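Visitor: One structure is given below, represented as structure tokens, and several questions about it will come after.
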Amino acid sequence: MSSVTKALLPAAGLGTRFLPATKASPKEMLPIVDKPMIQYAVEEAESCGINEFIVITGRHKRTLEDHFDTVYELEEDLKQKGKEKLLEEINRLSHLNFAYIRQGRPLGLGHAILRARPFVKDEPFAVLLSDDIIDPDENLLERMIGLYEEFRSPIVALEEVPAEEIHRYGVIAGAEERPDLYRFTDLVEKPDPEEAPSNLAIIGRYILTPELFDILEEMEPGKGGEYQLTDALRELLKVRPVYGVVFRGKRYDAGDKFGFLKATVDLALRSSTVSEKFREYLVNVAARLNRN
Ligand code: UTP
């Protein structure tokens, strides 16, 4: 059995980049093709043996709880109509356990993660930011869990990002211990391009250890008045090695409109139900754009 069985899904952010869609409904419930974003993250974690999910929610987030609940009247209806495939699809994740915690005020990712302390207790845990969609054919999280088992230290996913985007991320300085595996020496939250210690940015997948909670308890707000996870990881470096693994597969920043559209197009092209028609449609759109 995997040594990491719990995953935290922070979903209490305001989603301002997606307003007005996120005014009264959670960003994490925006569908990409036929599944809400958060379900991609749950399926990714489930494929690595994780079966306990702690969702950090806020106001207007009740649909998140409903989504992972059983809907028996819908099940009955599908059964009666013989729609076995759909029935199977809606029950695919019913063996998983979900707990929901309210963040109250969205005071930052570090603050959101700290809310889960009573549920995580003394175990390592994964954190998945569901607006970062990782290509479902990649095995990033599985690789990270494998590295955690080897080093027994926190493992963070990294991506090489271009200089003009670096100010949007937590960025690391580190020593490459083996190809694409860095031991951190420092971290900076949202640096100016000229101050960035590298082009390696933290993306939304982490394997963390419970001593991080002690650090989060003691922390003061950082950049933007928020309790930043990057600042806590920087403190954690003083007591434990922290490693980063460079991800070279496809990731979509689906919390941003353009990233969301790219994820939608790419995943629709792989969908068993719409890919053919959608490809044909895109070819027509491309021809029209070329004519104009
Ligand atoms: P983002 O940085 O994408 O922030 O958070 P956001 O509020 O969701 O969106 P924008 O930037 O305003 O458009 C990354 C993840 O951390 C969660 C978010 O829900 C998202 O999954 N988060 C962020 C919290 O749970 N609580 C917070 O206080 C902040």
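Visitor: In segment 121-130, is there at least one residue being of a type in the set (D, E, K, R) and touching a Ser or Thr at 6+ places or on another chain (Cβ under 8 Å)?
Guide: yes
Visitor: Kindly check whether there is at least one residue in segment 212-224 that is in contact (Cβ under 8 Å) with a residue 24 or more places away in the chain, in contact with a strand residue (DSSP E or B) (Cβ under 7 Å, 6 or more places away or on another chain) and assigned to a loop (DSSP other than H, G, I, E, B).
Guide: The answer is yes; a qualifying residue exists.
Visitor: What is the residue count in segment 161-193 for residues that are surrounded by fewer than 12 Cβ atoms within 10 Å (Cβ to Cβ) and either touching a Pro at 6+ places or on another chain (Cβ under 6 Å) or in contact (Cβ under 8 Å) with a residue 40 or more places away in the chain (or both)?
Guide: 1
Visitor: Pick from Glu235, Glu226: which is within 16 Å of the ligand (Cβ to nearest atom) and on the phi < 0 side of the Ramachandran plot?
Guide: Working: Glu235 fails: within 16 Å of the ligand (Cβ to nearest atom).
The conditions single out Glu226.
Visitor: Separate question: Identify, please: which residue in segment 232-247 is in a helix (DSSP H, G or I) and surrounded by fewer than 21 Cβ atoms within 10 Å (Cβ to Cβ) and is, among those, farthest from the chain's Cα centre (by Cα)? Before the answer, list the steps.
Guide: Applying the first criterion (in a helix (DSSP H, G or I)) to segment 232-247 yields 232-236.
Still in the list and also surrounded by fewer than 21 Cβ atoms within 10 Å (Cβ to Cβ): 234-235.
Numbers: Arg234: 20, Glu235: 22 Å.
Result: Glu235.
Visitor: Give the residues of segment 69-123 that are in contact (Cβ under 8 Å) with a residue 24 or more places away in the chain, away from the ligand (no atom under 16 Å from the Cβ) and hydrophobic (A, V, I, L, M, F, W, C), sorted by residue number.
Guide: Scanning segment 69-123 gives Leu93, Leu96.
Visitor: Return the residues of segment 248-265 that are away from the ligand (no atom under 16 Å from the Cβ), surrounded by fewer than 17 Cβ atoms within 10 Å (Cβ to Cβ) and in contact (Cβ under 8 Å) with a residue 24 or more places away in the chain; say none if nothing qualifies.
Guide: Passing the criteria: Arg248, Gly249, Lys250.
Visitor: If you don't mind, another one. Here are Thr185, Thr209: which of them is among the polar types (S, T, N, Q) and touching a helix residue (DSSP H, G or I) at 6+ places or on another chain (Cβ under 9 Å)?
Guide: Selected residue: Thr209, the only one of Thr185, Thr209 that is among the polar types (S, T, N, Q) and touching a helix residue (DSSP H, G or I) at 6+ places or on another chain (Cβ under 9 Å).
Visitor: A further question follows. Of the residues Leu87, Leu8, which is part of a helix (DSSP H, G or I) and not polar (S, T, N, Q)? Quick ask: steps written out before the conclusion?
Guide: Numbers: Leu8 fails: part of a helix (DSSP H, G or I).
Only one candidate qualifies: Leu87.
Visitor: Please determine, by comparing only the residues of segment 8-65 that are in contact with a Lys or Arg (Cβ under 9 Å, 6 or more places away or on another chain) and among the polar types (S, T, N, Q), which one is farthest from the ligand (Cβ to nearest atom).
Guide: Among those residues, the one meeting the criterion is Asn51.
Visitor: Hey, does segment 133-154 have a residue that's among the charged types (D, E, K, R), within 12 Å of the ligand (Cβ to nearest atom), closer than 24 Å to Phe213 by Cα and surrounded by fewer than 21 Cβ atoms within 10 Å (Cβ to Cβ)?
Guide: No, every residue in segment 133-154 fails to be among the charged types (D, E, K, R), within 12 Å of the ligand (Cβ to nearest atom), closer than 24 Å to Phe213 by Cα and surrounded by fewer than 21 Cβ atoms within 10 Å (Cβ to Cβ).
Visitor: Oh, and also: Could you go through segment 116-125 and let me know if any residue there is exposed (fewer than 15 other Cβ atoms within 10 Å of the Cβ), modelled with pLDDT under 95 and over 18 Å from Thr5 (Cβ atoms).
Guide: no
Visitor: Go through the residues of segment 64-71 one by one and say whether even a single one is touching a helix residue (DSSP H, G or I) at 6+ places or on another chain (Cβ under 6 Å) and assigned to a helix (DSSP H, G or I).
Guide: Keep residues of segment 64-71 that are touching a helix residue (DSSP H, G or I) at 6+ places or on another chain (Cβ under 6 Å), which gives none.
There is no residue in segment 64-71 that is touching a helix residue (DSSP H, G or I) at 6+ places or on another chain (Cβ under 6 Å) and assigned to a helix (DSSP H, G or I).
Visitor: Six or more apart or on different chains, Cβ atoms under 6 Å: show the pairs whose first residue is in segment 14-31 and within 12 Å of Asp131 (Cβ to Cβ) and whose second is within 11 Å of the ligand (Cβ to nearest atom) and of a type in the set (Ser, Thr, Tyr).
Guide: Gly15/Thr22; Glu28/Ser130
Visitor: Quick one: would you say Ile166 is β-branched (Val, Ile, Thr) and in a helix (DSSP H, G or I)?
Guide: Numbers: β-branched (Val, Ile, Thr): yes; in a helix (DSSP H, G or I): yes.
In short, yes.
The values are calculated or read from the model by the stated rules, or taken from the named source; none is laboratory data. Fair warning: this is a prediction, and the values are worked out from it, not measured in the lab. Don't worry about glycine lacking a Cβ; one is built from the backbone with ideal geometry, like all the others, and counts go over all protein chains shown.
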